[in-house]
Structure formats: C-alpha cells, structure tokens
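Participant: Have a look at this one.
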Amino acid sequence: MSGLSGLDLQDRLNAMEHRIPIIFITATADTNTRTQALTAGAFGYLIKPFDEDELLTCIKHALQHQVKRPDNQPP
C-alpha cells in the first residue's frame, strides 16, 4: 500500500472507531511490529509462509468476537 503501512491503517481505523477485524499477513518477522499490531486489536499476525490452519483460526476468532459483541460496543 503506497504511503501507508498496515499499522498506520490500523491506527486510522481505530481512531475513527471502525471496528473491523484485522489480520496482518506479512513477510517481515518483526517482534515490535507484531506486538504493536496485536496490542492495537489485530486478531492475528501471520508471517509468510504460514499454515492455512493458522489463518482459519484467526478468522474464526475474529468472527466469534464480532458475533458476541453488540453492534454499538467497541471490541
């Protein structure tokens, strides 16, 4: 994404109170970035190559969280 990192996008969405599930998929194994993404609410931080079961687990967790949360409540 030109000019905007995934973390930047996540920060903007959080600031606007858009509560869409975010799962990071990256080729960079950076512990600080992973920690920042997960602390800010990401449902996963997958490093390529990753097992498809890891992605499915993240998606299921995100969907379960969305179902349990009332529409007007932040995660």
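Participant: With θ taken as phi - 60° and the coefficients 6.51, -1.76 and 1.60, list the Karplus ³J(HN,Hα) couplings across the range 32-41 in order, rounded to whole Hz; mark glycine and proline as x.
Facilitator: 5, 5, 4, 4, 4, 5, 5, 5, 7, x
Participant: Per-residue HN-Hα couplings for the range 48-58, Karplus 6.51 cos²θ - 1.76 cosθ + 1.60 at θ = phi - 60°, whole Hz, x for Gly and Pro?
Facilitator: With the stated coefficients, the range 48-58 comes to 5, x, 10, 7, 4, 5, 4, 5, 4, 4, 4 Hz.
Participant: Tell me, what ³J(HN,Hα) does each residue in the range 13-30 have, in order and in whole Hz, if you take phi through Karplus 6.51 cos²θ - 1.76 cosθ + 1.60 with θ = phi - 60° and put x for Gly and Pro?
Facilitator: After applying 6.51 cos²θ - 1.76 cosθ + 1.60, I find 5, 5, 5, 8, 6, 7, 9, 8, x, 10, 10, 7, 10, 9, 9, 9, 8, 10 Hz.
Participant: Here's something else I'd like to know. For the chain, what is the convex hull volume of its Cα atoms per residue in Å³?
Facilitator: With only Cα atoms used, the chain gives 91 Å³ per residue.
Participant: How much mean residue ellipticity at 222 nm does the chain get from its helices, if each DSSP H run of length 4 or more adds -39500 (n - 2.57) and you divide by all residues, to the nearest 500 deg cm²/dmol?
Facilitator: -15000 deg cm²/dmol
Participant: Here's another thing I want to ask about it. How much length would be gained if the chain were fully extended between Gln64 and Ala40, taking 0.36 nm per residue of separation minus their Cα-Cα distance, in nm to one decimal?
Facilitator: 6.8 nm
Participant: With the contact rule set at Cα under 8 Å and sequence spacing of 6 or more, what percent relative contact order holds for the range 6-68?
Facilitator: Across the range 6-68, relative contact order equals 33 percent.
Read-outs throughout are calculated quantities, based only on the coordinates presented, and are distinct from any laboratory measurement. What you see is a predicted model, and the numbers here were worked out from it, not measured in a lab.
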